[in-house]
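The values are calculated or read from the model by the stated rules, or taken from the named source; none is laboratory data. Given the structure is predicted, the values throughout are model-derived calculations rather than measurements. In this analysis, Cβ positions are derived from the backbone assuming ideal geometry, glycine residues included, and neighbour counts consider all displayed protein chains. Heads up: the accessible areas ignore ligands, DNA and RNA and are worked out on the full protein's heavy atoms, side chains in. Shrake-Rupley method; radii C 1.70, N 1.55, O 1.52, S 1.80 Å.
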Amino acid sequence: MAIKMDGKALAAKLRMQIRDEVAILARKPTLAVVLVGDDPASQVYVRNKEKDCEECGILSQGYRLPADTTEKQLLDLIDVLNQNALVDGILVQLPLPNHISEQKVIHAICPDKDVDAFHPFNVGKIVTGEDGFLPCTPAGVMELLKEYQIEIAGKKCVVVGRSNIVGKPMALLLLRESGTVTICHSKTSHLEEITKKADILVSAVGKVGIITGDMVKDGAVVVDVAMNHNAEGKLCGDCIYDEVAAKASYITPVPGGVGPMTRLILMKNTLTAAKMHIKE
Ligand code: NAP
């Protein structure tokens, strides 16, 4: 039976380290958190981010805007936050209502306040391996792999999913650590033939039960990024957990695996932004 990689415990430990680093800064870092509309899941995510800030000693400024906020109004707010020297990070909770272009909003955030690392400038740095903001979910996965001393160099790594937020940057970070990386997506044929070869399998699809025990090699390390709801409304990942855990050597649970680590990296990025701004 696989060892559970406990993201909740690791994130709690690393949050304390961030709190210690924040405590010695010349001023408290500030994260602006913008939520447009009243999507219940987004409201939970935003509340969690504000709670994390509090625990780390980071100030959070919440902006709750109605669902009929125009694109211009949102861009104007981002402009004001960009200009405010006391705001270190700007996080606009996605998804946005359909009438607002996410791409325009991402492009509008000043790259040195882009703590989600979604701006093309920061994505470019991730590609070239330059220092900068970390992609939250993939970097959280890397911290977990490090904590459990999972070797990546030379290992066959398979990432299922190619989104800009998870799949693509995940593949890049594994490649940076010299993994031999394959990316799969909805057009991949014979997915199971590829996943079965993986020493490290990362699933970021968002479909309950898409990864079965048969698709996993004995002893593989399995990271389940997904946050799905099963038929009973319970939070679950992409893996049929019991089947996959019976084959794997390590596995992340859902909840309590990757989710808390994603939140942690956002705090780390906000600290990085504040250090940069305080120096200026
Ligand atoms: P997304 O943008 O919907 O991307 C899903 C990816 O899965 C796409 O690349 C898609 O391929 C691929 N896919 C769909 N069906 C497939 C199939 N049958 N076989 C192989 N690949 C398939 O989702 P996302 O934003 O990356 O998020 C993925 C999951 O992670 C979701 O459950 C989300 O809630 C979760 N998530 C968790 C965290 C966390 O902190 N734990 C953070 C972010 C996201 P195509 O590109 O071909 O369509």
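Need pairs with beta-carbon distance below 6 Å; first residue open to solvent by 10 Å² or more (accessible area, probe 1.4 Å) and at pLDDT 95 or above and within the range 154-171, second more than 9 Å from the ligand (Cβ to nearest atom) and small (Gly, Ala, Ser); sequence gap 6+ or separate chains.
Final answer for the pair search is Lys155/Gly179; Lys156/Ala198.
Which numbered condition trips up Glu151, out of (1) among the charged types (D, E, K, R); (2) within 14 Å of the ligand (Cβ to nearest atom); (3) under 19 Å from Met5 (Cα atoms); (4) without any contact (Cβ under 8 Å) to a residue 12 or more places away in the chain?
The single condition Glu151 does not satisfy is (2).
Could you give me the residue pairs with C-beta distances under 8 Å whose first residue belongs to the range 256-273 and is open to solvent by 10 Å² or more (accessible area, probe 1.4 Å), whose second residue is near the ligand (Cβ under 10 Å from one of its atoms) and not in a helix (DSSP H, G or I) wherever it lies, and which are 6+ apart or on separate chains?
Matching pairs, first to second residue: Gly259/Met227.
Can you tell me which residue among Gly140, Gly132 is more than 16 Å from the ligand (Cβ to nearest atom) and either open to solvent by 40 Å² or more (accessible area, probe 1.4 Å) or touching a residue at least 12 places away in the same chain (Cβ under 8 Å) (or both)? Talk me through it step by step, then tell me what you get.
On the way: Gly140 fails: more than 16 Å from the ligand (Cβ to nearest atom).
Among Gly140, Gly132, only Gly132 is more than 16 Å from the ligand (Cβ to nearest atom) and either open to solvent by 40 Å² or more (accessible area, probe 1.4 Å) or touching a residue at least 12 places away in the same chain (Cβ under 8 Å) (or both).
Among (1) touching a Pro at 6+ places or on another chain (Cβ under 6 Å); (2) assigned to a helix (DSSP H, G or I), there is one condition Lys49 misses while meeting the rest; what is its number?
Evaluating Lys49 over (1) touching a Pro at 6+ places or on another chain (Cβ under 6 Å); (2) assigned to a helix (DSSP H, G or I) leaves (1) as the failure.
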